[in-house]
Amino acid sequence: MIVDGLRVLVLIAQGISTTELIPVADMLRRVRMEVVIAGIDGPQALKADSNMNIVPDNSLDDALKRGPFNVIVIPGMEQSAYLVSQNQKAKKLVQEHVAQKKLVGALGAGCLTLMEFGVGKGKRFAASPGFIEVMMSEDKKKEWKFVKNETVVIDGNFITSHGMWTAMDFAFDLIEKLRGKKEADTLADFVLHIRHRKNATLIPVKM
């Protein structure tokens, strides 16, 4: 049952990270948000990074008919993030969403999708440390202010996370931002999740 009309659009493509997609969608649905998982190339099953088949709820075109959305989330893994970043309809959608000062979330390589869309310059973002070192020029690092030592970063209407090992933290911080700390803590107790400190030290990934 959806209690207050909060709608979340999740953009995915081939190679999506199951460990970034599933925990976030699952936790948000447990607090009765409407989560629509949209395949940018259609509603057919996608091969995930773990070789699992993921079936989107809708194609992007059909998903947009279920809007407007309060939040857009882009999970990662390089292939999916790249394919989403090349989709002009997704780009326009995210740019308009940001212009309306609505909330945008991304995990891991999904953060680099936001960079490709040209949104969030000057904001602090999280992303997989290995991606930052290998894929980001020094100029880009300054423009988007990527950080390595926080599990989840919230800056204005952007919420970002380092990737699969922080997906649950991302989900609960997003729930707290949308529904408040009490609801986030109640769900965390129910699913036996220990909510981590936002400033916990991360070990950089060597690539």
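The values are calculated or read from the model by the stated rules, or taken from the named source; none is laboratory data. Because the structure is a prediction, the values reported are computed rather than measured. Note that we place each Cβ from the backbone using ideal geometry, even for glycine, and neighbour counts take in every protein chain shown. Keep in mind that these areas ignore ligands, DNA and RNA; they rest on the heavy atoms of the full protein, side chains included. Shrake-Rupley method; radii C 1.70, N 1.55, O 1.52, S 1.80 Å.
Overview of values
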{"item": "Average projection area in nm² (convex hull over Cα atoms of the chain, one quarter of hull surface)", "result": "10.8 nm²"}
{"item": "Sequence-distant lysines (8 or more away, or on other chains) whose Cα lies within less than 20 Å of K92", "result": "K65, K101, K102, K121, K123"}
{"item": "Rounded accessible area of T18 (nearest 10 Å², 1.4 Å probe)", "result": "10 Å²"}
{"item": "Environment charge of P43, counting only residues whose C-beta is closer than 14 Å and scoring Lys/Arg +1, Asp/Glu -1", "result": "-2"}
{"item": "Contour minus Cα-Cα distance for I194 and K47 (0.36 nm per residue)", "result": "49.9 nm"}
{"item": "Kirkwood estimate for the range 63-126, i.e. one over the average of 1/r between Cα atoms, Å", "result": "11.8 Å"}
{"item": "Cβ-placed point charges (K, R +1; D, E -1), dipole of the chain about Cα centre in debye, nearest 20", "result": "520 debye"}
{"item": "Fraction of accessible area attributable to carbon and sulfur, the chain (%, probe 1.4 Å)", "result": "53 percent"}
{"item": "Accessible area expressed per residue, the chain, with surrounding protein chains retained (probe 1.4 Å, Å²)", "result": "47 Å²"}
{"item": "Average silhouette area of the range 1-106, convex hull of alpha-carbon atoms, in square nanometres", "result": "6.1 nm²"}
{"item": "Given the chain, longest segment not containing exposed loop trypsin sites (Lys or Arg not before Pro) (DSSP; at most 11 other Cβ within 10 Å)", "result": "102-196"}
{"item": "Among I22, I12, I74, residue whose mean-square fluctuation peaks in a GNM of the chain (springs only between Cα atoms under 10 Å)", "result": "I22"}
{"item": "FRET efficiency, K142 to E116 (Cβ-Cβ, R0 22 Å, nearest 0.05)", "result": "0.85"}
